[in-house]
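Trainee: Quick one: the structure is below, questions incoming.
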Amino acid sequence: MRRRNFITLIGGAAVVWPIAAHGQQPERMRRIGILLAGTPTSFAPRANAFVQGLRELGYVEDKTVAFEWKWGEDRTERLPQLAEELVRLDVDLILTGGTPAAKALKSATRTVPIVMAIIGDPVAVGLVQSLARPGGNATGFSIVAPDLSGKRLQLLKELLPGLSSVAAISTVTNPQAPIEFKETQAALRH
């Protein structure tokens, strides 16, 4: 073996050895906080699907991942306190569903990553800067697009051509409600 090849081999081994040894260390258990406005019963199908999905990806509860569940019990006024509790638990990430819970988390932390689902318009309620580049510590997806209010009314008129009035029901404590109502009113005028 030539000297240059030997030095390269030893130098490469010196670099790779610590990486390989480090890679063999047991990975620390990740902690995921979950804040939901409802009850364990009302969210059971979604919660079970979430845990099962992680299991299929190799994350096993109490072996490779721990969950810290916080339930609002259908009382949105509890969400800020529960959000602060999750932050104090020093979780690696917080998953949430619903605009009220996401707003409570955003107020409680600017550093813990927040993954949002079942959110109205996260830009309009100030959770992210934009959908393309959320910025900050929150990301996720929106299931409601207020600008679709016009399309919904158009479809309703096509289904019921003689339609002369429309009623809208909303949850007043949901920060998304005024935004959707405004968009619906605008669509009615056209």
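The values are calculated or read from the model by the stated rules, or taken from the named source; none is laboratory data. Worth saying up front: this structure is predicted, and the values here are computed from it rather than measured. Counting neighbours? That spans all protein chains shown, and the Cβs are built from the backbone with ideal geometry, glycine included.
Trainee: Let me confirm something: among Glu61, Glu68, which residue is touching a strand residue (DSSP E or B) at 6+ places or on another chain (Cβ under 9 Å), assigned by TED's automatic domain parsing to the domain that holds Gly120 and at pLDDT 95 or above?
Mentor: On inspection, the qualifying residue turns out to be Glu68.
Trainee: Exactly one condition in (1) over 23 Å from Val172 (Cα atoms); (2) assigned to a helix (DSSP H, G or I); (3) among the basic types (Lys, Arg); (4) modelled with pLDDT of 95 or more is false for Lys106; which is it?
Mentor: (1)
Trainee: Output the residues belonging to region 61-88 that are within 23 Å of Ser42 (Cβ to Cβ), of a type in the set (Lys, Arg) and not in a strand (DSSP E or B).
Mentor: Selection gives Arg75, Arg78.
Trainee: Looking at Gly98, Gly72, can you tell me which residue is under 23 Å from Ile179 (Cα atoms), small (Gly, Ala, Ser) and surrounded by 14 or more Cβ atoms within 10 Å (Cβ to Cβ)?
Mentor: Gly98
Trainee: Hey, among Val115, Val123, Val91, Val128, which residue is free of Cβ contacts under 8 Å to residues at least 60 places away in the same chain, touching a strand residue (DSSP E or B) at 6+ places or on another chain (Cβ under 6 Å) and not in a strand (DSSP E or B)?
Mentor: Result: Val128 is the single residue among Val115, Val123, Val91, Val128 that is free of Cβ contacts under 8 Å to residues at least 60 places away in the same chain, touching a strand residue (DSSP E or B) at 6+ places or on another chain (Cβ under 6 Å) and not in a strand (DSSP E or B).
Trainee: Looking at Phe50, is it assigned by TED's automatic domain parsing to the domain that holds Asn137 and either in contact with a strand residue (DSSP E or B) (Cβ under 6 Å, 6 or more places away or on another chain) or modelled with pLDDT of 95 or more (or both)?
Mentor: The answer is no for Phe50.
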